[in-house]
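S.K.: This is the structure I have questions about; it appears just below.
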Amino acid sequence: MFKVIDTHAHIDEVENLESALGEAAKAGVVAVIAVGSNHSSNQKTLRIADNHPDIIYPALGLHPWELGNTDPNSISVTLNFIEEQITRITAIGEIGLDYDKRVLKVASKERQKDILKTLLALAKRYAKPVSIHSRYAWKDTFDIVREAGIEKAVFHWFTGFSSALKDILEAGYFISATPAAEYHEEHRRAVRETPLDKLLLETDCPVMYGRENKYQSQPADVLRSLKAAAALKETDEPTLSRQTTRSAAEFFSLDV
């Protein structure tokens, strides 16, 4: 059995959590980086991590999708909470930019950028790695992360242009492969173009995957990410599991 790490999961949204974590352990998942998306999500993620310290490693964040539902006072509360809990967390995430027109209707580019810069300054101050969302905003997100002086960043579920990927990799940052590497062409290209030592695995669970046969993901599905990425990289699954697990453990400072 392979040792694997799910480096990006919305564990606070997973139904039947105990069952899902049991299945993950049976599948060889030795750690799950549980990302937060807003204040209540961050609080729940910490509670889950406290109950499952053997497998759940918390990251706290503020997702750009949440900004349209969040007033300035709530944002301040979220930012203060993240800083208050900084010694308890493995990373800051999920954070980033999203230029989908539905998001921009409720959260302008400038507002998103301002909040991202604040969160990155926090990550820089406390030397925390960051888990980055960058949909349709690949260049701007990369530029802001680099200008913030961040040393460890993973651009999760990357689907951007090859030019943006090149900048990310040259800066020493990572991308992560999801089960969408089975079928999503832009994501498959990104995985194919990323060196093994800059690739991590994730599920982004409980997101829905698949085209004809859809399924709701859970942490055990990181094995689908592994299998798809190994095929794209033309390597065997044991080699990729060893490399990605080693990389993730070092990136997130995990003792696994």
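What follows is calculated from the coordinates using simple rules that are stated; it is not laboratory data. Please read these numbers as outputs of a predicted model, since none were measured by experiment. Reconstructed Cβ throughout: ideal geometry from the backbone, glycine too, with neighbour counts over all protein chains shown.
S.K.: Under a crude label model (7 Å from the Cα following the beta-carbon direction), how far is A249 from D54 in nanometres?
M.R.: 1.8
S.K.: At a threshold of 8 angstrom on Cα-Cα distance, excluding pairs fewer than six apart, so keeping six or more, what relative contact order does the chain reach in percent?
M.R.: Relative contact order here is 21 percent.
S.K.: Please give every one of the lysines within straight-line cross-link reach of K113, meaning a C-alpha to C-alpha distance under 30 Å, and leave out same-chain neighbours fewer than 8 residues apart.
M.R.: Answer for K113, where 30 Å is the Cα cut-off: K44, K101, K105, K124, K128, K139, K152, K166, K198, listed by chain and number.
S.K.: Show me 169-176, 225-232, 5-12 ranked by packing, highest mean number of other Cβ atoms within 10 Å first.
M.R.: 5-12, 225-232, 169-176
S.K.: While we're looking at this one, here's another question. What FRET efficiency would be calculated for the residue pair R192, S76, taking the C-beta separation as r and a Förster radius of 45 Å, to the nearest 0.05?
M.R.: 0.60
S.K.: Run the simple label-point estimate for A121 and K3 please: 7 Å along Cα→C-beta, distance reported in nm.
M.R.: With each label point 7 Å from Cα toward Cβ, the separation is 3.9 nm.
S.K.: Give me the net charge for the shell around A229: Cβ to Cβ below 11 angstrom, other residues only, Lys and Arg +1, Asp and Glu -1.
M.R.: +1
S.K.: Considering Cα pairs under 8 angstrom that are at least six residues apart, work out the relative contact order of the range 182-231 and quote it in whole percent.
M.R.: Across the range 182-231, relative contact order equals 35 percent.
S.K.: May I ask you to evaluate 6.51 cos²θ - 1.76 cosθ + 1.60, the Karplus curve with θ = phi - 60°, for each residue of the range 140-150 and list the ³J(HN,Hα) values in order in whole Hz, giving x for glycine and proline?
M.R.: 4, 5, 4, 4, 5, 4, 5, 5, 6, x, 6
S.K.: Under the rule of at least 5 residues apart or a separate chain, name every residue whose amide H is placed under 5 Å from the amide H of T194.
M.R.: The list, which skips near neighbours in sequence, is empty: none.
S.K.: Give the separation of the Cα centroids, the range 69-134 to the range 20-52, in Å.
M.R.: Result: 20 Å between the Cα centres.
S.K.: Then there is this: Pull up all non-local amide H partners of V207: gap of 5 or more, or a different chain, and H-to-H distance under 5 Å with H placed in the peptide plane.
M.R.: Long-range HN contacts for V207: S217.
S.K.: For the range 48-62, just list the computed ³J(HN,Hα) in residue order, Karplus coefficients 6.51, -1.76 and 1.60, θ = phi - 60°, integers in Hz, with x standing in for Gly and Pro.
M.R.: Here the 3J(HN,Hα) series is 5, 4, 5, 7, 9, x, 7, 9, 9, 10, x, 10, 10, x, 8 Hz.
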